[in-house]
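Report on the structure given below.
The values are calculated or read from the model by the stated rules, or taken from the named source; none is laboratory data. Keep in mind it's a predicted model, so treat the numbers as computed, not measured. Please note: Cβ atoms are built from the backbone with ideal geometry, for glycine as well, and neighbour counts cover all protein chains shown. With ligands, DNA and RNA removed, areas are computed over all heavy atoms of the protein, side chains included. Shrake-Rupley method; radii C 1.70, N 1.55, O 1.52, S 1.80 Å.
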Amino acid sequence: MYYLGIRFLLSGLFMGLIFIRILRHVTKTDLLCGGLSGVMLALSFAAQTIGLQYTTPGKAGFLANACVIIVPFLVWALYRKRPTMRTMAGAMIAFIGLAVISLTERFTLQFGDFLEIMCAVFFAVQTLIVDRFADRVHPVRMAVLQVLVAGVLCMGVAAVTEAAPAGDMFTTSVLIALAYGVIFCTALSFAIQAWAQRVTQPSHVSLILCFEAVFSFLFALLFGYESLTMRSVTGSLLVIAGFLITEAGTAGEAKLQEETAGAP
């Protein structure tokens with residue numbers, strides 16, 4: 001939690017210094033969206049980071065990206081927009097793939113895998129919050145606020161639950177990893193996400209982000225965290241197929257809506 005708190009706070013300060021002129025015009029809507037999104041962001045990354053202690057990076061990458069399955073159904077529940085049959089079929093195939101990857105031989109779910117699934121749920125909610133406010137907030141202000149809120153929450157939890165990190169813990173490798181997380185994984189990525197969601201749909205966002213799962217698995221293989229088994233390959237292929245089918249369903253639905261809106 002200290003790692004997350006430091007990472008988010010430094011990212012927020014880094015972004016704040018770059019976009020200080022934009023931040024002078026923060027609105028109440030910016031604060032509301034940034035606050036709600038920041039809470040979901042903190043919950044999502046806390047679940048993911050803690051879960052990584054109890055599962056492998058490859059499995060975590062796939063499970064944490066189950067948000068591509070969750071988002072269409074949250075849209076259905078909140079906006080009464082029913083997913084297409086293709087979307088539901090894709091979700092079912094991906095769900096089966098996730099089960100193949102995560103369930104043990106006794107059909108039980110390990111604690112780390114459960115946390116990664118909760119990460120997907122929280123991130124799906126965060127995606128919908130950003131989408132709900134996307135046309136009413138400035139993407140940079142919202143991104144900075146959500147990161148700062150997440151940082152404050154994580155630091156608060158860390159202060160209560162963890163011992164303060166000693167100075168000798170900040171080795172060169174730790175500082176390099178922290179700098180990479182601050183600049184690329186947080187500051188740039190969330191600023192780009194907030195801007196991009198003004199011009200695309202939440203289901204598209206969740207699909208694009210799901211490719212993190214593919215890269216997570218490949219890098220886990222490369223660094224020896226995963227072994228290439230028939231089960232892992234089968235589950236991974238099912239998840240990817242479900243992702244692509246789900247995207248085809250949401251893309252077709254969006255095209256139909258556009259054609260209907262443009263009809264005389």
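Label separation (residue 114 vs residue 76): 2.6 nm, computed from points 7 Å beyond Cα along the C-beta direction.
Please give the FRET efficiency for residue 244 paired with residue 135, using the beta carbon to beta carbon distance and R0 = 30 Å, rounded to the nearest 0.05. List each step's numbers first, then the result.
Working: r = 28 Å, r/R0 = 0.94.
Once rounded, the FRET efficiency stands at 0.60.
Here the label points at residue 229 and residue 31, each 7 Å from Cα along the C-beta direction, are separated by 5.2 nm in the simple model. Model label points for residue 170 and residue 199, set 7 angstrom from Cα along the Cα-to-Cβ axis, are 3.9 nm apart. Magnitude of the charge dipole for region 1-106, about its Cα centre and with charges confined to Cβ atoms of Lys, Arg (+1) and Asp, Glu (-1), is about 340 debye. Magnitude of the charge dipole for region 67-187, about its Cα centre and with charges confined to Cβ atoms of Lys, Arg (+1) and Asp, Glu (-1), is about 740 debye. In this structure residue 232 has an accessible area near 20 Å², from a 1.4 Å probe over the protein heavy atoms.
Net length available on complete extension from residue 212 to residue 24 is 64.3 nm, with 0.36 nm assigned per residue and the Cα-Cα distance removed.
Taking 0.36 nm per residue of sequence separation and subtracting the Cα-Cα distance, how much length would be gained by fully extending the chain between residue 160 and residue 179, in nm to one decimal? Can you show the working numbers first?
Working: separation 19, 0.36 × 19 = 6.84 nm, distance 2.49 nm.
This chain segment gains 4.3 nm when fully extended.
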